[in-house]
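This report concerns only the one structure given below.
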C-alpha cells in the first residue's frame, strides 16, 4: 500500500474563469453602480481579468454602463451596473398536485405567472404536463420582447443539478428520470434542473428581507416535506444530494421497522399528501368513494376548525399533541 497522500482535485482554468465571472456578476448586481477598479479591489482579482469579464458581460447584455463616474482623487472612473431588466428566464415550480410557472427578469420581477393543477400521474404524463406549461411560458416570454436566457425547473425530489437526472420524485412517478436531457432535446435554451426547496432557499438568500444572510434552512411543507440548506451562501446538498430530504426522518416509535418506498415517514404523517391519506383511511366506508378521492389536507383542517372529532384527531397526531402519537425522545 502506498504511503502517499492522494492528490486533491485541482481547479481548471475554465473552472476558475467561471468562478471569477460569477463572483464579478454577483458583486455588480448587489453593489452597482460600481467601477471596475472597485470590483477588482473587493474581489482581489486582477484588474485586467475584471475588465475582460466585464466586456464579456456587457456584450451579453448582462451589464451596462451606468452613465455615472466616480471621482477618487485621480482620473474619473466609469461606473457599471447590472442590467436585469432586458433579459428574462422561464421558471417552473413543479409540485406534486400543482404547477406554478413564471416569466421573470433578472431583477426577480415577475412579468407573467401561470398556475396549472394536476394530480399524481405516470412518469410520462408528468413530463407532458411540464412540457405544456413550458410551451405556454415561452410564448409569454416572447411577448415581453426581452431576450430569453433559459429555463429553470424546480423538482420535488432528489435531483442531481449537474446531470439534470431526477433520482426520485414520488409525486411525479419519476425514478432516475433524465429530465434535463429530455428538455434539452426539445428546447434551444439552456436548461437548469434543481430541487425545488433548494431553489426556494436560494431565492430567500438573494431576495429575502434579511440583509447579509449567508446561512439558513428553509423548510417547505406541501405534497411532501423538504428543506433547503444554505451554508456560507452555498447550497449544501450532501454526498448524495439528499441533505434536505427531511421527509424521510422517523417522527415516532411506530415508524420504526417499516419500509417507505415512496413518501417518507415524516411526510406520511405531516405533509399534505399524508394528512389526506390518513383522513381517507379514517373515513373509509363512511363517505362516498368520489368524495374521499377529492379529499385534501385543507379539507381536514377546515373540518378540525368545525370541531369534527375525526379531523381534530388527525391534526393532533400531526402536531404530536397529547392524544396523538408519542414522538421519539
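Could you please tell me which pairs satisfy a Cβ distance under 6 Å, a separation of 6+ or placement on different chains, a first residue in the range 194-216 that is surrounded by fewer than 18 Cβ atoms within 10 Å (Cβ to Cβ), and a second residue that is assigned to a strand (DSSP E or B)? What qualifies is 204/218; 215/231; 216/230. Residues in the range 37-60: is at least one under 30 Å from residue 133 (Cα atoms) and surrounded by fewer than 17 Cβ atoms within 10 Å (Cβ to Cβ)? The answer is yes, given that some residue of the range 37-60 is under 30 Å from residue 133 (Cα atoms) and surrounded by fewer than 17 Cβ atoms within 10 Å (Cβ to Cβ). The set of residues from the range 241-260 being in contact with a helix residue (DSSP H, G or I) (Cβ under 6 Å, 6 or more places away or on another chain) and more than 16 Å from residue 228 (Cβ to Cβ) comprises 250, 251, 255. Only a single item in (1) within 24 Å of the chain's Cα centre (by Cα); (2) modelled with pLDDT of 90 or more is not met by residue 302, and it is number (1). Being within 30 Å of residue 22 (Cβ to Cβ) and assigned to a loop (DSSP other than H, G, I, E, B) is the requirement here; does residue 213 meet it? Judged against the criteria, residue 213 is a match.
Only one of (1) part of a helix (DSSP H, G or I); (2) more than 23 Å from residue 61 (Cα to Cα); (3) free of Cβ contacts under 8 Å to residues at least 40 places away in the same chain fails for residue 171. Which number is that? For residue 171, the exception is condition (3). Residues in the range 256-288 that are over 19 Å from residue 309 (Cβ atoms), out of contact with any strand residue (DSSP E or B) (no Cβ under 9 Å at 6 or more places or on another chain) and free of Cβ contacts under 8 Å to residues at least 24 places away in the same chain were compared, and the one that is surrounded by the most Cβ atoms within 10 Å (Cβ to Cβ) is 268. Test residue 225 against the stated conditions and say whether it is in contact with a helix residue (DSSP H, G or I) (Cβ under 6 Å, 6 or more places away or on another chain) and either in the same structural domain as residue 166 (by TED's automatic domain parsing) or under 24 Å from residue 99 (Cβ atoms) (or both). Here the answer is yes, as residue 225 does meet what is asked. Looking at the range 145-158 only, could you name the residues that are surrounded by fewer than 16 Cβ atoms within 10 Å (Cβ to Cβ), over 15 Å from residue 185 (Cα atoms) and either touching a strand residue (DSSP E or B) at 6+ places or on another chain (Cβ under 9 Å) or touching a residue at least 40 places away in the same chain (Cβ under 8 Å) (or both)? Correct list: 147 only.
The values are calculated or read from the model by the stated rules, or taken from the named source; none is laboratory data. If you're wondering where the values come from, they're calculated on a predicted model, not measured in any experiment. Ideal geometry is used to build each Cβ from the backbone, glycine not excepted, and the neighbour counts take in all protein chains shown.
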